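Engineer: I have a structure here, written as structure tokens, and I will follow up with some questions on it.
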Amino acid sequence: MSRFLPALLFPQEASCHLCGRAIGRDGSILCSACAAALRALRIPARDAFVLHQPLGACISAYYHEGEARRLCHLLKFRQDAAAARPLAEGMAEALALSGLAGAFDGVAVVPLHPARLRERGYNQAALLARDVCGHTGLPLWEDALIRARHGASQVTRSREERLASLTGAFEAHGAQAAGKRVLLIDDVLATGATAVSCAQALLDAGAERVCLLTACRP
Ligand SMILES: [Zn+2]
């Protein structure tokens, strides 16, 4: 018998993905307290932009702290795909508040390393992108970028070392990128090295402009 069958026969109360408190079945994955705590981590519109050349702009929805950081962790390391939803809601709002919502032709995602994709079963950036596209109506170009080669672990590297190792790490699909204004999506903006490398690949393939939208940044 499927181990899922008892849950289907005897549905339990939905519970908040962060604190476990019982919640209604209205599609939300957070209780009202956790949703409010997440909202408090929204980056004010005036601070939501940072610049990493050659990216036109980088917009982030939440500070990478508390509930926002924990949702990213659930999404990346605990196979909790639903954790993308409240993060993507914030991303769509941040995009709307930036005044740039109408400035893109489509959405590309930072590709996941194939080994990570096998391990996780999904690309967290693609899940965020799907939800953002659902909110904004922008088309999703999920295969616009691919990983060109295996990169070593980046955990201990400096930004310069990472940039050097990432040069040429991504390839863009020219037919999708050429002449287009691309909104690139990732979960967390850290040093910006990965996003810069992706943006460069898209620009090399003829993209007119590339901006970044992430769920979180420090
Ligand atoms: Zn909660």
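Every read-out reported here was derived from the displayed coordinates using simple, explicitly stated rules and does not represent laboratory data. Computed from a predicted model, the values in this text were never measured in an experiment. Positions of Cβ are generated from backbone atoms using ideal geometry, with glycine treated the same way; all protein chains shown enter the neighbour counts.
Engineer: Compare the peptides 74-81, 92-99 by average per-residue count of other Cβ atoms within 10 angstrom and give them in order, highest first.
Structural biologist: Most protected by this proxy first, the peptides run 92-99, 74-81.
Engineer: What is the distance, in nm, between label points placed 7 Å from the Cα along the Cα-to-Cβ direction at residue 25 and at residue 98?
Structural biologist: 3.7
Engineer: What is the sum of charges around residue 88, taking Lys and Arg as +1, Asp and Glu as -1, for the other residues whose C-beta is under 11 Å from the C-beta of residue 88?
Structural biologist: The answer is -2.
Engineer: Okay, next question. Let me have the 222 nm mean residue ellipticity of the chain computed from DSSP H runs of 4+ only, each contributing -39500 (n - 2.57), with the sum over all residues rounded to the nearest 500.
Structural biologist: So the helix-based figure for the chain works out to -11000 deg cm²/dmol.
Engineer: In the neighborhood of residue 214, defined by Cβ-to-Cβ distances under 9 Å, what is the net charge if each Lys or Arg adds +1 and each Asp or Glu adds -1? Please report the intermediate quantities before stating the final value.
Structural biologist: Details: positive: 217; negative: 186, 187.
Charge balance in the 9 Å sphere: -1.
Engineer: Something else now. Listed highest first by mean packing, meaning other Cβ atoms within 10 Å per residue, what order do 102-110, 207-215 come in?
Structural biologist: Taking the mean over residues of other Cβ atoms within 10 Å, the ranking is 207-215, 102-110.
Engineer: While we're looking at this one, here's another question. Based on the alpha carbons, how large is the Rg to Rh ratio for the chain when Rh follows Kirkwood?
Structural biologist: Working: Rg = 17.9 Å, Rh = 18.0 Å.
Reported Rg/Rh, Kirkwood definition of Rh: 0.99.
Engineer: Counting other Cβ atoms within 10 Å, keep those with at most 14, restrict to DSSP loop, and tell me which trypsin sites (Lys or Arg not before Pro) in the stretch 100-149 are left.
Structural biologist: 149
Engineer: Okay, next question. What's the ranking of 22-29, 66-73 by average number of surrounding C-beta atoms within 10 Å, highest first?
Structural biologist: With the highest mean Cβ count within 10 Å placed first, the list reads 66-73, 22-29.
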